[in-house]
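J.: Submitted below is the structure of interest, expressed as structure tokens.
The values are calculated or read from the model by the stated rules, or taken from the named source; none is laboratory data. Quick caveat: nothing in here was measured; it's all calculated off a predicted structure. Heads up, the Cβs are rebuilt from the backbone with ideal geometry, glycines too, and the neighbour counts pull from every protein chain shown.
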Amino acid sequence: MMRKIGNCIALCPFCMEEHSVNRMVEREKAVFKNEEIIFDSERFYCEECGEYFEDDNLIKENDIRLKDAYREKMGLLKSSDIVAIRNVYGISQSDLCRILDWGGKTITRYESHQIQDKAHDMILRKISEDPGWYIDILIESQKAFPEQTYNRYYAKALSLYTKSEDYYLRKCIEANCSEYANNPQFVGNASLSINKIIDVIKYYASSGEVTSLYKSKLMELMWYSDFLSYKERNHSITGLPYMVLPSGIMPEGHNYLIKLKDVPCEDVIVDGNEAYFFHADESDYYSLTDDDKSILDTIISVMGAWGKEKLINQLEKERAYKETKMKNIVLYDYAKDLQIAP
Ligand SMILES: [Zn+2]
């Protein structure tokens, strides 16, 4: 059904007069490239002649709406996404084509009616998330630009690169854990989820029942919750591998984890030594399921208020800790022998 969304001035081809007409929108179904597409299509409506019509501009806009709906369905960037990526880098359509060695009008077409192919879509996404890679290809095409233009593009990319530290840190954590990913006994039958790691830390750090949450305590709570989860549900929460280290059981890459942008970690001095303290306000923990939270709640109710000594004593009772050699990965199979019980 047509729905009115506003008014504008247009030339009605029926009464041949330029006057105010209604802007109408309707949900339309169309087949495009063998896919059934549902999209919002606009028409003008002249109240005087009771007729619907489109002008050239509206035809173009509706065409882009159809194609954007197709792009969305196929998991491709929408035309406005491509404009946004280019705007972030402050680069013109033709200059971006030059850097990528694409035909000079390619980007212009992608930003309107032409659907990009999957390979080009991946390159545009890569540019969006990885400014370091974009800088590499920009450097390669330096000669194609006047010095001033090149310097402007380079400075813009560099500032984005600096701001993207978290992206590279995540990649680093993934790479670090990747050698364990094939063994379910190392990762607790789950794939690594950095968002869950962050939410688990935030959950502990915001709990009123968790006292003095310094790094070694946090790491131990994380180990317990992942192993308890494996014991109860046959999969860990975060997919992290854990290792026996002189300071206890720690997740692989623990030094990187606490540097993630959304981890509420504070650098403090305790007795003259550098320490990491974790505290957060309550928030939403989007990546955690209710079952995940109930495991964390169990750990909090048992160990939340424990001090350092009690935590170490507890760990020393665990077969997982006693039987795993220093610097070896703790097998999730040990979860069945966890000494801590709800
Ligand atoms: Zn009319």
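J.: Name the residue, out of ILE85, ILE91, ILE127, that is buried (at least 17 other Cβ atoms within 10 Å of the Cβ) and either among the aromatic types (Phe, Trp, Tyr) or touching a Leu at 6+ places or on another chain (Cβ under 8 Å) (or both).
T.: Among ILE85, ILE91, ILE127, only ILE85 is buried (at least 17 other Cβ atoms within 10 Å of the Cβ) and either among the aromatic types (Phe, Trp, Tyr) or touching a Leu at 6+ places or on another chain (Cβ under 8 Å) (or both).
J.: Could you give every pair whose Cβ atoms fall below 9 Å, whose first residue belongs to region 23-48 and is more than 26 Å from CYS8 (Cα to Cα) and more than 16 Å from the ligand (Cβ to nearest atom), and whose second residue is among the small types (Gly, Ala, Ser) and assigned to a strand (DSSP E or B), counting only separations of at least 6 or pairs across chains?
T.: These pairs meet every condition: ALA30/SER41; GLU36/ALA30; ILE37/ALA30.
J.: Report, by residue number, each residue of region 324-339 that is outside any helix (DSSP H, G or I) and crowded, with 16+ Cβ neighbours inside 10 Å.
T.: THR324, ILE329, VAL330, LEU331, LEU338
J.: What strands (runs of 3 or more DSSP E) lie completely within region 13-95 and have 1 or more residues being touching a Pro at 6+ places or on another chain (Cβ under 7 Å)?
T.: By residue number, 51-53.
J.: Quick check on this structure: which one of LYS336, LYS317, LYS327 is over 24 Å from LEU192 (Cα atoms) and of a type in the set (Lys, Arg)?
T.: Exactly one residue qualifies, and that residue is LYS317.
J.: Tell me which residues, restricted to region 231-267, are under 19 Å from ILE194 (Cβ atoms) and of a type in the set (Ser, Thr, Tyr).
T.: Within region 231-267, SER236, THR238, TYR242, TYR256 qualify.
Yes/no matrix, rows are residues, columns are (1) in the same structural domain as ILE201 (by TED's automatic domain parsing); (2) under 19 Å from TYR180 (Cβ atoms); (3) not hydroxyl-bearing (Ser, Thr, Tyr):
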site: TYR242; (1), (2), (3): yes, yes, no
site: ASP271; (1), (2), (3): yes, no, yes
site: PHE278; (1), (2), (3): yes, no, yes
site: THR289; (1), (2), (3): yes, no, no
site: ASP297; (1), (2), (3): yes, no, yes
site: TRP306; (1), (2), (3): yes, no, yes
site: ASN328; (1), (2), (3): yes, yes, yes
site: ASP333; (1), (2), (3): yes, yes, yes
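J.: Further, regarding this structure: Condition check: modelled with pLDDT of 95 or more and among the β-branched types (Val, Ile, Thr). Does ILE91 satisfy that?
T.: Yes; evaluated as a whole, the condition is true for this residue.
J.: Report yes if ALA205 is in contact with a His (Cβ under 9 Å, 6 or more places away or on another chain) and either at pLDDT 95 or above or not in a helix (DSSP H, G or I) (or both), otherwise no.
T.: For ALA205, the condition - in contact with a His (Cβ under 9 Å, 6 or more places away or on another chain) and either at pLDDT 95 or above or not in a helix (DSSP H, G or I) (or both) - is met.
J.: Does region 303-323 include one or more residues that are over 17 Å from PRO246 (Cα atoms), under 34 Å from the mean Cα position of the chain (by Cα) and either part of a strand (DSSP E or B) or not hydrophobic (A, V, I, L, M, F, W, C) (or both)?
T.: Yes, the conditions are met somewhere in region 303-323.
J.: Just one of THR162, THR149 is part of a helix (DSSP H, G or I), more than 16 Å from the chain's Cα centre (by Cα), surrounded by fewer than 17 Cβ atoms within 10 Å (Cβ to Cβ) and modelled with pLDDT under 95; which is it?
T.: So the residue among THR162, THR149 that is part of a helix (DSSP H, G or I), more than 16 Å from the chain's Cα centre (by Cα), surrounded by fewer than 17 Cβ atoms within 10 Å (Cβ to Cβ) and modelled with pLDDT under 95 is THR162.
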